[in-house]
């Protein structure tokens with residue numbers, strides 16, 4: 001059915017009578033698609049696309065499910081997914097927050113109706129939980145031997161040099177066909193200048209204007225830091241929360257944590273207003289899906305808060321090296337691993353600061369940097385090999401924007417990533433990607449993976465994910 005013309009915005013918003021047949025058509029050369037009859041189109045439409053349409057004068061037509069083909073292409077952007085959304089590599093669909101963007105194949109739409117989804121089944125925006133449930137029930141999710149996930153993350157976010165260095169490393173790895181994406185857990189005080197510190201009333205009775213790690217420096221420094229965060233996000237890395245003032249919250253109440261998260265959102269997403277800057281973040285709050293507590297200081301109050309605050313996962317706990325994640329308190333538990341160092345035989349967590357403490361009691365000792373580097377590298381390799389040849393539990397590694405002991409730990413981590421990333425059946429991805437994978441599993445499948453019980457016919461981790469037949473792909477465009 002043709003949409004009414006919008007005369008205020010020019011011909012791009014005017015729709016002519018529709019030919020009857022819709023077919024899949026590429027948006028760009030990144031693999032994105034939409035359904036078109038040559039004039040009218042529908043496909044994944046993000047909230048940012050809708051806002052752009054309205055900014056261009058499209059008015060109420062922007063809220064309709066079908067647009068002119070020219071408008072949809074223009075608003076979509078140059079990426080694989082529409083602006084403001086991202087690709088779930090395990091389903092092949094674009095997601096925006098906890099929403100999957102359609103259109104969806106007919107068998108899923110019919111299954112949604114049978115499930116009692118009502119009129120929502122005919123929309124192009126489904127809740128992720130509904131989509132995953134239907135895909136599993138329809139046999140569209142194929143489970144074989146899982147890939148070996150490697151999660152590489154940073155806490156902090158102050159050093160502009162380290163932002164550049166880590167991003168450049170990932171770019172160099174991509175050029176070698178060894179893809180790696182980091183998760184950056186950022187501290188919100190680094191986006192507030194010292195003269196604005198009184199805006200923060202630190203929980204737990206710490207007081208106004210207090211921070212355990214300082215502040216963001218000059219407006220120019222904060223502007224550059226925002227630019228680095230935007231570039232990292234646009235390059236496929238993930239931005240997570242490391243709270244605000246880097247205080248240990250092991251005694252904090254639910255109210256304390258709620259206030260901390262409110263300050264985080266304010267300081268991150270209003271950084272341009274607080275510091276009188278010319279630019280802001282290119283993503284919104286829905287992009288912040290994960291949390292790591294400063295000093296791993298957690299309390300019962302934290303776990304009453306995370307799901308309410310919209311987090312999908314937490315990385316603040318400790319676990320065994322071969323642990324397959326479980327949901328706890330409504331969020332995925334992605335713990336750091338308990339390890340024994342390869343050369344020095346010390347008990348550590350899989351985080352650089354713990355090696356620094358074990359090696360030199362957290363005091364600089366750069367003369368032994370080579371040995372410390374080798375100890376970490378070999379420890380990480382033992383961790384990786386044990387899991388890869390065992391039950392394939394994810395490998396969790398956490399670092400900081402720090403060059404402790406002569407940069408030994410950054411060198412060890414980069415050596416490790418260079419060695420394992422890009423190898424067959426290995427995925428060096430973000431925690432958000434791991435959460436996407438875990439959301440497709442049932443508790444029974446997780447239990448089987450924990451025991452290393454993989455389907456006998458499965459020899460390749462590349463079989464994991466949602467599979468659409470050619471017929472199902474064509475059904476996506478059927479009204």
Checking the structure you have, find out if any residue of the range 146-153 is touching a strand residue (DSSP E or B) at 6+ places or on another chain (Cβ under 7 Å), assigned to a helix (DSSP H, G or I), crowded, with 20+ Cβ neighbours inside 10 Å and assigned by TED's automatic domain parsing to the domain that holds residue 238. no
Flag for residue 323 being assigned by TED's automatic domain parsing to the domain that holds residue 384 and farther than 21 Å from residue 444 by Cβ: no
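Looking for something on the phi > 0 side of the Ramachandran plot and either over 26 Å from the mean Cα position of the chain (by Cα) or at pLDDT 90 or above (or both) - is there at least one such residue anywhere in the range 50-62?
Filtering the range 50-62 down to residues on the phi > 0 side of the Ramachandran plot leaves 57, 59.
Still in the running and either over 26 Å from the mean Cα position of the chain (by Cα) or at pLDDT 90 or above (or both): 57, 59.
Yes, some residue in the range 50-62 is on the phi > 0 side of the Ramachandran plot and either over 26 Å from the mean Cα position of the chain (by Cα) or at pLDDT 90 or above (or both).
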Given the residues 273, 266, which is the only one that is without any contact (Cβ under 8 Å) to a residue 12 or more places away in the chain and within 25 Å of residue 220 (Cβ to Cβ)? 273
With respect to residue 77, determine if the residue is out of contact with any strand residue (DSSP E or B) (no Cβ under 6 Å at 6 or more places or on another chain), assigned by TED's automatic domain parsing to the domain that holds residue 42 and either free of Cβ contacts under 8 Å to residues at least 40 places away in the same chain or buried (at least 17 other Cβ atoms within 10 Å of the Cβ) (or both). yes
So which residues in the range 370-393 are buried (at least 21 other Cβ atoms within 10 Å of the Cβ) and out of contact with any strand residue (DSSP E or B) (no Cβ under 8 Å at 6 or more places or on another chain), if there are any at all? 372, 373, 375, 376, 377, 393
Within the range 38-54, which residues are farther than 17 Å from residue 286 by Cβ and surrounded by fewer than 18 Cβ atoms within 10 Å (Cβ to Cβ)? 38, 39, 54
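Just for strands (runs of 3 or more DSSP E) wholly inside the range 314-373: which have at least 1 residues that are within 19 Å of residue 240 (Cα to Cα) and touching a helix residue (DSSP H, G or I) at 6+ places or on another chain (Cβ under 9 Å)? Full working, then the answer.
Details: elements: 331-333, 336-340, 347-349.
In the range 314-373, the matching strands (runs of 3 or more DSSP E) lie at 331-333, 336-340.
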Since residue 135 meets every condition but one in (1) more than 20 Å from the chain's Cα centre (by Cα); (2) loosely packed, with under 15 Cβ neighbours inside 10 Å, which condition does it not meet? (2)
Helices (runs of 4 or more DSSP H) wholly inside the range 254-310 that include at least 2 residues being within 18 Å of residue 200 (Cβ to Cβ): 254-269, 271-274
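Take residue 162 and decide whether it is assigned by TED's automatic domain parsing to the domain that holds residue 275 and not in a helix (DSSP H, G or I). Before the answer, list the steps.
Values: assigned by TED's automatic domain parsing to the domain that holds residue 275: yes; not in a helix (DSSP H, G or I): no.
No, not satisfied.
For (1) at pLDDT below 95; (2) at negative phi; (3) part of a helix (DSSP H, G or I), each residue gets a yes or a no:
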position	(1), (2), (3)
190	no, yes, yes
196	no, yes, yes
205	yes, no, no
211	no, yes, no
214	no, no, no
217	no, no, no
221	no, yes, yes
225	no, yes, yes
231	no, yes, yes
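The values are calculated or read from the model by the stated rules, or taken from the named source; none is laboratory data. Being a predicted model, the structure only gives us computed values, none of them experimental. Cβ: placed from backbone, ideal geometry, glycine included. Neighbour counts: every protein chain shown.
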